[in-house]
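The values are calculated or read from the model by the stated rules, or taken from the named source; none is laboratory data. Here the structure is a predicted model, which is why all the values come from computation and not from measurement. Here the Cβ positions follow ideal geometry from the backbone for every residue, glycine too, while neighbour counts run over all protein chains shown.
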Amino acid sequence: MKLFEDELKDIYWAEKALTKAIPKMIKNATDPSLIDALTNHLAETEKQVIRLVDIFESIDKKAVAKKCEAMEGLIKESAEIMDSCEAGAMRDAGIISAGQKVEHYEIASYGTLRQFAETLGLTKAVTLLAATLEEEKAANQQLFDVIITVVNIEDAIIEK
Ligand SMILES: [Fe+2]
Ligand SMILES: [Fe+2]
């Protein structure tokens, strides 16, 4: 239970940080499908923050954020990638790469949290965590679809 609460605080910090980081990715992106995917996921992320408050409530705890070193690192790295890439296809590819790393971290966190909740018999938390987990998986897939269908890899290579 203590570990469940600690990890909940970690992802709460991470989601709040992402509501500030994703807009920077949107500003740097050029491909319309990428901008779309990020914009949709920003709205989802804002709802996930609220959903986390509900999860804390479901276990009679106040929502508290604890700094997530991993997400801070991933966000910092995404800023570095954007800085080091030329605007256009290369930067879009960099944003997708950084975004997928973020989604994988979230998938790992929510997958574990959902399992913990199941083990602890926290039925309401299981449902809420499963909903967010599905959104994270879909966001990851959407970013993947953008890179294989829209970003023109040949142009990106030629521009190198
Ligand atoms: Fe999220
Ligand atoms: Fe996400």
Residues of segment 94-114 being small (Gly, Ala, Ser) and under 19 Å from Lys137 (Cα atoms), in sequence order, are Ser97, Ala98, Gly99, Ala108, Ser109, Gly111
Could you check segment 67-104 and list, in sequence order, the residues that are surrounded by 15 or more Cβ atoms within 10 Å (Cβ to Cβ) and in a loop (DSSP other than H, G, I, E, B)? Cys68, Cys85, Gly88
Here the qualifying pairs (Cβ atoms under 6 Å; residues six or more apart or on different chains; first in segment 83-108 and within 16 Å of ligand 1 (Cβ to nearest atom); second part of a helix (DSSP H, G or I) and acidic (Asp, Glu)) come out as Glu103/Glu136; Glu106/Glu136; Ile107/Glu136
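Taking segment 3-47 as the region of interest, how many residues are hydroxyl-bearing (Ser, Thr, Tyr) and within 10 Å of ligand 1 (Cβ to nearest atom)?
2
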Only one residue in Lys16, Lys47, Lys2, Lys27 is exposed (fewer than 15 other Cβ atoms within 10 Å of the Cβ), among the charged types (D, E, K, R), over 21 Å from Lys124 (Cβ atoms) and without any contact (Cβ under 8 Å) to a residue 60 or more places away in the chain, so which one is that? Lys27
Outside any helix (DSSP H, G or I) and more than 16 Å from ligand 2 (Cβ to nearest atom) - does that describe any residue in segment 1-11? yes
Does any residue in segment 123-143 that is without any contact (Cβ under 8 Å) to a residue 24 or more places away in the chain come within less than 7 Å, Cβ to Cβ, of a residue that is crowded, with 16+ Cβ neighbours inside 10 Å six or more places away or on a different chain, and which pairs are these? Val126/Arg114; Val126/Ala117; Ala130/Arg114
Please indicate, with yes or no, whether at least one residue in segment 95-104 is acidic (Asp, Glu), closer than 23 Å to Ala37 by Cβ, more than 16 Å from ligand 2 (Cβ to nearest atom) and at pLDDT 95 or above. no
Residue count for segment 109-141, restricted to those that are over 12 Å from the mean Cα position of the chain (by Cα), within 13 Å of ligand 1 (Cβ to nearest atom) and surrounded by 19 or more Cβ atoms within 10 Å (Cβ to Cβ): 3
Total residues in segment 32-44, condition within 11 Å of ligand 2 (Cβ to nearest atom) and without any contact (Cβ under 8 Å) to a residue 40 or more places away in the chain: 1
